[in-house]
Every structure is written in structure tokens, then in C-alpha cells.
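Trainee: The structure's right below; bear with me while I get my questions together.
Each value in this text was obtained by applying a stated rule to the coordinates, not by laboratory testing. None of the values given here were measured: they were computed from a predicted structure. Cβ atoms come from the backbone with ideal geometry, glycine included; neighbour counts cover every protein chain shown.
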Amino acid sequence: MRQQIFRTRITDLLGIRHPILCGGLGPGVSDAAYVASAVKAGGMGFIVSSGDPDWVEEQVRTCRATLGDLGFGVNIYISRFDEGIERARRLIPLLADNCVSCVETAGASPEPIIPALREAGIKIIHKVPAVKYARSAARLDIDGITVVGADCGGHPGVFMISTMVQTPIAAREIDLPLVVGGGIGTGSQLTAALAMGADAVVMGTRMLVADELWIHPSYKRFVAESDGTESVVVKKILRDHHRVLDNDSAKALIALEDRKVTDYEAYQPHMVGALARESYRTGDRSRGMLDFGPAAAFANSLQSVEAIFDDMLDDACAAMSRVSALTAWEPRAVAAAAGRQIRVD
């Protein structure tokens, strides 16, 4: 694990060395091995809790056994339908029993489950797809907020505002520790996000080439060969925007949208989770809703999680050096021009 370069409110909050979080990558993808690798590399990962409850329990217990006293996270998607709050609430005893240190909540408001999470001593970071929602979430008793932009694989929200625009706005308006994501996969972007006021970045698609992920090697090789143009946003007519790989299932959904179909049941056969899991298992990427974003352009080879982190940190340092070399004034003059008082040794 690399020595710490950046100390932020998120690294302090989560007790991690680097301000790098690894997203869930879709139902059943982010498992114990992947999350433990992210933690051991100095970041934070989240086991995806949607799907088969027995699988979720196995992954949580395995991750705890693997990491010993180190903290790790769990993603809780709170559906607005199908008793989403109750399903999330039933999960909390498992998290408490295994000393899960933090959760990434998404979907509906986590407000109904916050008291139980607080009682269990679990940190709460709520993820939203726009600053508009971050303003509301900031009024809750949570520890941090993640804002993702239009480039994110998965659910970018209906406004489709870029991460580059949302980051400085969120940093200006939200007092809580801030994570940003969407199209991020390089250290220079990490440095830029921190410069704009964020406290960490979260990556999804960039991590699909990680050695520790269980998905088929041929799928990872496809990601490594991608140039970032392979994604498409579906379900816009349902106002449930979903950025996925442009495969046969995505094309079927687009055909329904082109016909102005608004019956959710017509879309369901192409969206069942079993299709995506089978694609990841076999490497046949033709079917299923496979979360996929343009940050695939940065995933040029199969690597361990730690190697991905190391490359990012090296690139972040290079970016800082570049900016420093471009600075025309002495540090005192820069500080004076910014209207700030800083200590210059």
C-alpha cells in the first residue's frame, strides 16, 4: 500500500489512506474479494447488497474474516417499490454483527433507516445523481454525500449534468464530506476533483478490469480494449436513466422507447438481473443491463486493484507537479492574489 499523499475529510471519516472509493458495478459484481482488495490498497469498497440474501450474507461475513479489524462498506440501494425500506432495514443486523464500517445508500431517501444505522455505529454516505438532490440529503443525519455526473455507468439521473460542472457546485453548496464520480479513471482527475473542493472520487467502470473481480476474463479484456464510446443511456422515457453497454438488450429497450412504450412490464424481460450475471459469468456480453461508462477508455489493461490505485496516485502527483510548474508567481503572491492568508515555509 502506497504512503498517504492526500488527507481529506473522507480519508479521515472512513479511516482510509487514499481518497479513492470503488463503486458497486451492478448487482452481484462487487463481492468480498474485490472489496477487501480495495481496502487493502488503501481505499474503500462496497459490497452490493441487492440480490440473493444468502449471497450477500456470505460476502459480508467473508469480507470481515478476510480484513480482520479493517473497515469495509456495503451498498444499500433503497427501492421506491417492493418494500425497499423494509428490505434495507432487515439488512442492518447483518451489517452490525459484522462490524461494517460504512454504507453507501442510493435510490430513495435513507431517512427511515438512519436511526438503526446510527445505533449500529455505521457511517452513512448517500449517493445522488445531481446537486439538487444533494441539497435535500445534506439536511439528513448522514456523514457524507456522493454526487455522480452524466458519465457514470449505472444511474446518472435525469438531468445528465457533467461531473466537471457538478463538482464545484456541490463543493460550494454542501458542507458535508463530498465524493464525486462519473467518468473518472485517472489520477489527474483525482487531483482536479480535490482542487474543485471534493474530498474523494468514486470509480466504477474503470475498475472492471481488476484482477480480483470474479467476472469472466474475456469481458475484462473487452473493457481494456474499449475506447469509451460503447455505452448508451436507456429507459429515458421512463425517467429512470440507465447508462449501460450498448448490447442486444439495450437495443431492445431503445426500440421500445422509439415506439413510445411506457409500460414498465414491457421492458422487464430485458432487464432481469439473471441476464447480467450470466453475461459476467460467461463473458457473452450480448444480453443484460451491464453498467458501463466512458471511463472504460482509461482501463487499458488487466491489473490488480492495488496497481490501479498506484497508477492513479502516480498520475495525481504528476498532475500536481505540472500545475506547480505552470505557476508564474511565488507562493506568497499566489496567496495574496487569492485573498487568503497561508503559511509559506
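Trainee: At q = 0.24 Å⁻¹, work out log10 I(q)/I(0) for segment 231-291 with the Debye formula, treating every Cα as an identical point scatterer and leaving solvent out; two decimals please.
Mentor: With no solvent term, the Cα-only Debye profile gives -0.94.
Trainee: Hey, another quick one. Enter the angle in degrees (range 0 to 90, nearest 10) between the Cα long axis of helix 248-258 and the first principal axis of the Cα atoms of the chain, meaning the one along which they spread out most.
Mentor: On a 0 to 90 degree scale, this one is about 90.
Trainee: Of the chymotrypsin sites (Phe, Trp or Tyr not before Pro) in segment 262-335, which ones lie in a loop per DSSP and count no more than 11 other C-beta atoms within 10 Å?
Mentor: 329
Trainee: Could you tell me which label, among (1) 24.4; (2) 20.6; (3) 21.7, carries the value of Kirkwood radius over Cα pairs in Å calculated for this structure?
Mentor: Computed from the coordinates, Kirkwood radius over Cα pairs in Å corresponds to (2).
Trainee: For segment 231-291, with only Lys/Arg (+1) and Asp/Glu (-1) charged at the beta-carbon, what is the dipole magnitude about the Cα centre, in debye rounded to 20? Each step should come with its number before you reach the end.
Mentor: Working: 11 positive and 10 negative charges, 23 e Å.
Dipole size: approximately 100 debye.
Trainee: How many nm separate the modelled label positions at residue 251 and residue 54, each set 7 Å beyond the Cα in the direction of the Cβ?
Mentor: Going by the 7 Å Cα→Cβ label model, 3.7 nm.
Trainee: Also: Could you derive backbone 3J(HN,Hα) for segment 267-281 from the dihedral phi with the Karplus parameters 6.51, -1.76 and 1.60 (θ = phi - 60°), listing whole Hz in sequence and x where the residue is Gly or Pro?
Mentor: Result, rounded to whole Hz: 8, 3, x, 8, 10, 4, x, 4, 5, 5, 4, 5, 4, 5, 6.
Trainee: Here's a follow-up. Mean-square fluctuation check for the chain, GNM, Cα pairs under 10 Å: which of 11, 282, 146 is largest?
Mentor: Highest fluctuation of the listed residues: 282.
Trainee: Whose amide H sits under 5 Å from the amide H of residue 45, counting only residues 5 or more places off or on another chain, with H placed in the peptide plane?
Mentor: Here the answer is 22, 39, 73, since their amide H atoms fall under 5 Å of that of residue 45.
Trainee: Express the relative contact order of the chain as a whole percentage, based on alpha carbon pairs under 8 Å and six or more residues apart in sequence.
Mentor: That works out to 16 percent.
Trainee: In the chain, how many lysine pairs have Cα atoms under 14 Å apart, counting only pairs 8 or more places apart or on different chains?
Mentor: Close lysine pairs found across the chain: 4.
Trainee: On to the next question. Roughly what angle does helix 163-173 make with the longest principal axis of the chain, taking Cα atoms, 0 to 90 degrees, to the nearest 10?
Mentor: Taking the Cα atoms of the chain, the angle to 163-173 is about 60 degrees.
Trainee: Mind jotting down the three principal axis lengths of segment 96-234 based on Cα atoms? Whole angstrom, largest first.
Mentor: 45, 37, 30
Trainee: Let me ask you something else. Test of understanding: in a Gaussian network model of the chain with alpha carbons linked when under 10 Å, which of 228, 197, 84 would top the mean-square fluctuation ranking?
Mentor: The residue with the greatest mean-square fluctuation here is 84.
Trainee: Is it possible to state the helix-based mean residue ellipticity at 222 nm for the chain, with each DSSP H run of 4+ residues giving -39500 (n - 2.57), the sum divided by total residues, to the nearest 500 deg cm²/dmol? What is it?
Mentor: The helix-only estimate for the chain comes to -12000 deg cm²/dmol at 222 nm.
Trainee: Hey, fewest Cβ within 10 Å first, where do 135, 239, 287 land in order?
Mentor: 239, 135, 287
Trainee: In debye to the nearest 20, how big a dipole does the chain give about its Cα centre with +1 on each Lys and Arg Cβ and -1 on each Asp and Glu Cβ?
Mentor: So the dipole magnitude of the chain works out to roughly 780 debye.
Trainee: Sort 240-248, 169-177 for me by packing, meaning the mean count of neighbouring Cβ atoms within 10 Å per residue, highest on top.
Mentor: 240-248, 169-177
Trainee: Next question. For residue 195 and residue 141, compute 0.36 nm times the residue count separating them, minus their Cα-Cα distance, and round to one decimal in nm.
Mentor: Taking residue 195 through residue 141 to full extension adds about 16.8 nm, to one decimal.
Trainee: In whole Hz, what ³J(HN,Hα) sequence does segment 110-117 give by Karplus (6.51, -1.76, 1.60; θ = phi - 60°), x for Gly and Pro?
Mentor: Per-residue couplings from phi come out as x, 3, x, 9, 4, x, 5, 5 Hz.
Trainee: Counting other Cβ atoms within 10 Å of each Cβ, which trypsin sites (Lys or Arg not before Pro) in segment 8-104 have at most 15 and sit in a DSSP loop?
Mentor: 80
Trainee: What is the gain in length, in nm to one decimal, between residue 268 and residue 173 on full extension, counting 0.36 nm per residue of separation less the C-alpha to C-alpha distance?
Mentor: 30.4 nm is the gain from fully extending residue 268 to residue 173.
Trainee: Using each residue's phi in segment 97-103, evaluate 6.51 cos²θ - 1.76 cosθ + 1.60 at θ = phi - 60° and report the 3J(HN,Hα) Karplus result to the nearest Hz, with x for Gly and Pro.
Mentor: 4, 9, 6, 4, 7, 8, 10
Trainee: Ok, one more. Under 5 Å between amide H atoms, partner at least 5 residues away or on a different chain: which partners does residue 128 have, H built in plane at 1.01 Å?
Mentor: Counting only residues 5 or more places away or on other chains, the set is 146, 147, 148.
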